[in-house]
Amino acid sequence: MSVFDQQATRKPPISQIGAVLWFKTNLFSSWVNTGLTAASLYLLYLIFPPLLDWMFFNASFSFGTINFFGFEIKFSEEMATNKNCGRVGACWPYIYEKLYMYTYGFYPRTETWRPNTVFALTALLFVIIPLVKNYKYKNRVILSLIVFYPIVSFVLISGGFGVLTVVETHLWGGLLLTLVIASVGIIVSFPIGVLLALGRQSELRIIKLFSTIFIEFVRAVPLITILFMASFVLPLFLEPGNNSIDKLLRALIGIALFQAAYFAEVIRGGLQAIPRGQYEAADAIGLSYFQKNALIVLPQALKISIPNIVGSSISLFKDTTLVLIIGLMDMLAMVGLTTADPYWLGRETEGYVFVTIVMWVMLYSMSRYSKKLELRFNTENQN
């Protein structure tokens, strides 16, 4: 007879595994958390059932017959009007009716293939770049895109050069204008912000003083003030009748300089987080100032600063709505404009909900991409 009998393996208690453990740990770990969980569930109960009723169950989806990339899809015999939509639920045919203005503003309908091509190229780039596994070629591809993609996009959207019909910038609007302002603002302001951050860390007093004054001055002024000055005050200093500087261009310059100051402080925080030994090691092996920053310091600083860089980019994306004050009609401004249509009075709620959903999808995608970059470039040991 053996001294020790082998015991059958027993399963852990159900309260210590799976969903039960998660609920117990995160939602019901104490009386306070239990009360907060109950209050949150009650709040969700008050909000979501009426919201779902308004958005889906009592809403009107009578779009009639729509053309989707050459395919006709029939939802109903005819498209609903403002009168027969009712007021109990949302009238989504209103969004379909105004979708063109929400997307393109006053852009000529015969030329919409041009911004559509830019949208398609942008989506294609997000598919192609991850497929390039070789870092040597990936860097070349990214560098080529940084140089040529903005040029191609600008030529397609604005036209000119004797090839395409010129579309004046005051006709741009809706989502198109929002994306142009946000993308140009981020792409242009980022390298300027890097230079300002390096300048504020520089040992040359003149460069350091200029960078510090610029950053502190711009951060002390609201963006709406800069837009107002760029649009209305700057022309006062030009020659009478000289309107050669486009209003959108002035706004883009103001936004880029404004955002560059915030990027500079974010990147400066990353630079200060780099151990002093990294600088000394780079100096010890004989690297020049530019080699040290480009190969050693900046890659580490930018990796540390990814969350704050994306956070500043998201803030800029939301601040694009301020261009309404200088007469540029972004997507949110188009909602207010289209609600003045006498055939669709009282449908502003649907418009604002639609814009909220679109903005949330884009900003949440940026946030998730930021998280992906953090995990990809994380070189710390994770336990």
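For the reader, a short list of remarks on this structure follows.
- Evaluation of Asn308 against (1) in a loop (DSSP other than H, G, I, E, B); (2) touching a residue at least 12 places away in the same chain (Cβ under 8 Å); (3) farther than 17 Å from Leu176 by Cβ (one fails), failing number: (1)
To keep it simple, each residue is scored yes or no on (1) part of a loop (DSSP other than H, G, I, E, B); (2) not hydrophobic (A, V, I, L, M, F, W, C).
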{"position": "Ile213", "(1), (2)": "no, no"}
{"position": "Leu227", "(1), (2)": "no, no"}
{"position": "Ile245", "(1), (2)": "yes, no"}
{"position": "Gly254", "(1), (2)": "no, yes"}
{"position": "Asn293", "(1), (2)": "no, yes"}
{"position": "Val297", "(1), (2)": "no, no"}
{"position": "Leu302", "(1), (2)": "no, no"}
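- Residue match in the stretch 21-38 (condition: surrounded by 10 or more Cβ atoms within 10 Å (Cβ to Cβ), modelled with pLDDT of 90 or more, among the hydrophobic types (A, V, I, L, M, F, W, C) and farther than 30 Å from Thr165 by Cα): yes
- Residue that is surrounded by the most Cβ atoms within 10 Å (Cβ to Cβ), among those in the stretch 65-86 that are touching a residue at least 24 places away in the same chain (Cβ under 8 Å) and closer than 16 Å to Thr339 by Cα: Cys85
- Test result for Ala333, surrounded by fewer than 15 Cβ atoms within 10 Å (Cβ to Cβ) and over 14 Å from the mean Cα position of the chain (by Cα): no
- Among the residues making up the stretch 100-115, those that are surrounded by 14 or more Cβ atoms within 10 Å (Cβ to Cβ) and part of a helix (DSSP H, G or I) are Tyr100, Met101, Tyr102, Thr103, Tyr104, Glu111, Arg114, Pro115.
- Residues satisfying the stated conditions in the stretch 197-214, i.e. crowded, with 20+ Cβ neighbours inside 10 Å and either of a type in the set (Gly, Ala, Ser) or at pLDDT 95 or above (or both): Ala197, Gly199, Ser211
- Residue satisfying all of: in the stretch 314-347; among the small types (Gly, Ala, Ser) and assigned to a loop (DSSP other than H, G, I, E, B); nearest to Ala59 (Cα to Cα) among these: Gly346
- The criterion of being surrounded by 13 or more Cβ atoms within 10 Å (Cβ to Cβ), in contact with a helix residue (DSSP H, G or I) (Cβ under 9 Å, 6 or more places away or on another chain) and farther than 30 Å from Pro130 by Cα does not hold for Asp319.
- A count restricted to the stretch 168-181 and to residues that are surrounded by fewer than 20 Cβ atoms within 10 Å (Cβ to Cβ) and in contact (Cβ under 8 Å) with a residue 40 or more places away in the chain stands at 3.
- Tabulated pairs, the stretch 370-383, first assigned to a loop (DSSP other than H, G, I, E, B) and surrounded by 11 or more Cβ atoms within 10 Å (Cβ to Cβ), second of a type in the set (D, E, K, R) and at pLDDT 70 or above, C-beta under 7 angstrom, 6+ apart or interchain: Phe377/Lys303
- The single residue among Ile157, Ile146, Ile142 that is part of a helix (DSSP H, G or I), more than 15 Å from the chain's Cα centre (by Cα), under 15 Å from Thr117 (Cα atoms) and among the aliphatic types (A, V, I, L, M) turns out to be Ile157.
- For the stretch 271-279, the criterion of a residue being at pLDDT 90 or above, part of a helix (DSSP H, G or I) and surrounded by 14 or more Cβ atoms within 10 Å (Cβ to Cβ) is satisfied by at least one position.
- When residues of the stretch 216-262 are limited to those that are among the aromatic types (Phe, Trp, Tyr) and under 19 Å from Asp319 (Cβ atoms), the one modelled with the lowest pLDDT: Phe232
- Flag if Phe48 is more than 28 Å from Val166 (Cα to Cα), outside any strand (DSSP E or B) and aromatic (Phe, Trp, Tyr): yes
- Residue that is nearest to Gly193 (Cα to Cα) [pool: residues in the stretch 322-355 that are among the β-branched types (Val, Ile, Thr) and touching a residue at least 40 places away in the same chain (Cβ under 8 Å)]: Val323
- Of the residues examined, Val184 is one that is under 22 Å from Leu322 (Cα atoms) and either surrounded by 15 or more Cβ atoms within 10 Å (Cβ to Cβ) or not basic (Lys, Arg) (or both).
- Residue within the stretch 237-252 that is within 27 Å of Thr320 (Cα to Cα), crowded, with 18+ Cβ neighbours inside 10 Å, free of Cβ contacts under 8 Å to residues at least 40 places away in the same chain and aliphatic (A, V, I, L, M) present: no
The values are calculated or read from the model by the stated rules, or taken from the named source; none is laboratory data. On a predicted model such as this, the values are computed, not experimentally measured, just so you know. Here the Cβ is made from the backbone with ideal geometry for all residues, glycine too, and neighbour counts use every protein chain on show.
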